[in-house]
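The values are calculated or read from the model by the stated rules, or taken from the named source; none is laboratory data. Every value quoted in this text rests on a predicted model; they were computed, and no experiment measured them. When we count neighbours, we look across all protein chains shown, and the Cβ atoms used for this are built from the backbone with ideal geometry, even at glycine. Only protein heavy atoms, including side chains, enter the accessible area calculation; ligands, DNA and RNA are left aside. Shrake-Rupley method; radii C 1.70, N 1.55, O 1.52, S 1.80 Å.
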Amino acid sequence: MKDKKQELITLLKENEVIKFGKFTLSSGKESDYYVDMKRAVTNPEILSKVAEIISEKIEGFGVDKVAGPALGAVPIATAVSLNAKMPLLMIRKEKKGYGTSKLIEGDLEEGDSIVVVEDVTTTGKSLLKAIDAIENNKGVIKRAFVVVDRSEGALQNFENKGIKLEPLLSIEDFNK
């Protein structure tokens, strides 16, 4: 697994997913680096490596479905779904105001064991919101993964909720 982690770091570096400099984040906060995960999740080689790593980590854990919040995690969840041959759930940011008005796309059955994935976390707020949606619809969260954790509180916020967030990489992996 260590080799695969190093392969992922190399792919992210080669594709300039982690950029250093001065950036304004969506929160308005200033940062010395930017994690451009949309660049990563649109690259088939990176997406394949991420799916391979997560699929190996969940094998044998009795997971029924994989879920990801829109937008960045949907390609990851789709790739894991294809790699692990398990159904996919997509979690909207909010219920749509037309059609079936669903918050969760896909078939979530009461008691389903779910693994959730995310592209990048800072505080983990959007992934925790997706987890709440799954739990409110009687799904059971088994595992939670993020490709890159910015190391700014997400792990602690998940621990406070009683869920272990498992980063494939943290921002410190790029400072080496």
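What FRET efficiency would be calculated for the residue pair E105, S26, taking the C-beta separation as r and a Förster radius of 22 Å, to the nearest 0.05?
E(calc), rounded to 0.05, equals 0.40.
Given 5 Å bins starting at zero, what is the percent of C-alpha pairs of the stretch 1-147 in each, up to the one with the largest pair distance?
2, 10, 19, 20, 19, 14, 10, 5, 1, 0
Longer than 26 Å from Cα to Cα, which of K29/K93; K2/K129; K4/K65; K13/K102; K22/K49 are they? Say none if no pair is.
Where the Cα-Cα span goes over 26 Å, the pairs concerned are K2/K129; K13/K102; K22/K49.
Could you bin all the Cα-Cα distances of the stretch 55-98 into 10 Å bins starting at 0 and give me the percent of pairs in each, rounded to whole numbers?
29, 47, 19, 4
Fully extended, how many nm does the chain gain between K13 and L71 (0.36 nm per residue separation, minus their Cα-Cα distance)?
My answer for the length gained is 18.7 nm.
For the stretch 103-164, would you read off the P(r) tail past 20 Å as a percentage of all alpha carbon pairs?
22
Find the accessible area per residue for the stretch 1-64; the probe is 1.4 Å, ligands and nucleic acids are left out, and the unit is Å².
Per residue, the stretch 1-64 has an accessible area of 61 Å².
Evaluate Rg over Rh across the stretch 63-173, taking Cα atoms for both radii and Kirkwood's formula for Rh. Don't jump to the answer; show the numbers that get you there.
Values: Rg = 13.2 Å, Rh = 13.9 Å.
My calculation of the ratio gives 0.96.
With a 1.4 Å probe and all protein chains left in place, how much accessible area per residue does the stretch 98-167 have, in Å²?
Values: 3340 Å² over 70 residues.
Using a 1.4 Å probe on heavy atoms only, each residue of the stretch 98-167 averages 48 Å².
Which order do peptides 29-36, 81-88 fall in by mean Cβ count within 10 Å, highest first?
Answer by packing, highest mean first, reads 81-88, 29-36.
Between S170 and Q6, what length in nm is gained on full extension when 0.36 nm per residue of separation is reduced by their alpha carbon distance?
57.8 nm
So, in nm, how far is label E56 from label T42 when the simple model puts each one 7 Å beyond its Cα toward the Cβ?
For the pair E56/T42, the computed spacing is 2.8 nm.
Using DSSP, restrict attention to beta bridges with both residues in the stretch 64-176 and report what percent are antiparallel, rounded to the nearest 5.
Once the DSSP bridges in the stretch 64-176 are tallied, antiparallel ones form about 10 percent.
Can you pull the percent of the stretch 35-176's accessible area that's carbon plus sulfur, 1.4 Å probe, other chains left in place?
That fraction is 49 percent.
With N residues in the stretch 23-101, what two-decimal value do you get for its Cα radius of gyration over 2.2 N^0.38 Å?
1.31
If you place +1 on the Cβ of every Lys and Arg and -1 on the Cβ of every Asp and Glu, how big does the dipole about the Cα centre of the stretch 1-123 come out, in debye to the nearest 20? Write down the numbers at each step before the final one.
Values: 18 positive and 20 negative charges, 81 e Å.
Magnitude of the dipole: close to 400 debye.
Can you give the angle from 0 to 90° between the axis of helix 125-136 and the longest principal axis of the chain, with both taken from C-alpha atoms, to the nearest 10?
Between the helix axis and the principal axis of the chain, the angle is about 20 degrees.
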